[in-house]
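Notes for the one structure printed next.
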Amino acid sequence: MFQTEFPEKMVRDLIRTRTKAVLATMMRNKDREPYASLTLSACDQQGRPLIFVSDIAEHTKNLRNHATASLLYEATEGRVDPLSGPRVSLQGVWEVVEDPSIKERFFRRHETARRYEQAHGFNLFRMTIQRAHLIAGFGLIHWFEGSKVLYSGIGMESIPHEENRILDHMNDDHPEALDLYANALLSEPGNGWKMIGIDPEGFDLRLHDKVIRLEFDSPVAHAEEAREKLVALIKQARAPFHPDREPSAVR
């Protein structure tokens, strides 16, 4: 469920919850013809998209020649009319990122990509969003400047640096809590859910190839505040269901 009353947040939710996207770059030929194909995707804590591609990929060759490209995210699965579902096209500039913690964010979401970490010629690219075009159904069409899409509120000075510690603690010491979040609060079955990312606005869980997200009721400023929210969500998951206590969930 995406929050259409806050369309900028809806764009960020699409980026955070989708595991793949369509990347369109411009070919290196003189006519710069467009070239689009499917790519795995993740994002940093602010919501800037990440891709992990080989130097021999056409996209990499194109981006090294012209760094501006477009990325399409969509959440139209299961709809009789796919065009009634939300999707966003991003326009922006790509650059290689060397930060190991950001690379780890990508690998936690896409474990199969980890095998390429030691391979020569694979690089993590991050997009600086310049513009975003959201279509979320009839009459819900918006253009945004890239800065309006990204999260830049409280917690950005602390949570990215504390993310690995929080994830290790939850995955090692509280695996039953993660299953409760998924089963009771997001109505997703299965055991063995892993927390793969946390940011000031919420956290991501993965089981096999399924990724889901649970939003906090308000952004957190630091790890202790995140702990308090996580404890409160456990209590909510164990309590009888009540509509007033339904969490904000994004799938």
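A few points about this structure:
- Qualifying residue in the range 148-155 (condition: touching a residue at least 12 places away in the same chain (Cβ under 8 Å) and over 19 Å from the mean Cα position of the chain (by Cα)): no
- Test: residue 105 is touching an Asp or Glu at 6+ places or on another chain (Cβ under 7 Å), modelled with pLDDT of 95 or more and surrounded by fewer than 18 Cβ atoms within 10 Å (Cβ to Cβ): no
- Residue ID - farthest from residue 213 (Cα to Cα), chosen from residues in the range 8-45 that are open to solvent by 50 Å² or more (accessible area, probe 1.4 Å), of a type outside the set (A, V, I, L, M) and in a strand (DSSP E or B): 34
- Any hit, the range 207-223, residues being among the acidic types (Asp, Glu), within 25 Å of residue 98 (Cα to Cα) and either open to solvent by 20 Å² or more (accessible area, probe 1.4 Å) or at pLDDT 95 or above (or both): no
- Only residues that are open to solvent by less than 50 Å² (accessible area, probe 1.4 Å), assigned to a loop (DSSP other than H, G, I, E, B) and either among the small types (Gly, Ala, Ser) or modelled with pLDDT of 95 or more (or both) were counted across the range 46-88, and they come to 6.
- Filter result for residue 131 (out of contact with any Cys (no Cβ under 7 Å at 6 or more places or on another chain) and surrounded by fewer than 18 Cβ atoms within 10 Å (Cβ to Cβ)): yes
- The single condition from (1) open to solvent by less than 30 Å² (accessible area, probe 1.4 Å); (2) at pLDDT 95 or above that residue 121 fails is (2).
- Annotation note: of 195, 170, the sole residue that is under 16 Å from residue 16 (Cβ atoms) and touching a strand residue (DSSP E or B) at 6+ places or on another chain (Cβ under 8 Å) is 195.
- All positions within the range 181-196 that are crowded, with 18+ Cβ neighbours inside 10 Å and either assigned to a helix (DSSP H, G or I) or on the phi > 0 side of the Ramachandran plot (or both): 181, 182, 185
The values are calculated or read from the model by the stated rules, or taken from the named source; none is laboratory data. Just so it is clear, the structure is predicted and the values come from calculations on it, not from any experiment. FYI the Cβ positions are ideal-geometry reconstructions off the backbone, even for glycines, and counts take in every protein chain you see. For accessibility, only protein heavy atoms count, side chains too; no ligands or nucleic acids. Shrake-Rupley method; radii C 1.70, N 1.55, O 1.52, S 1.80 Å.
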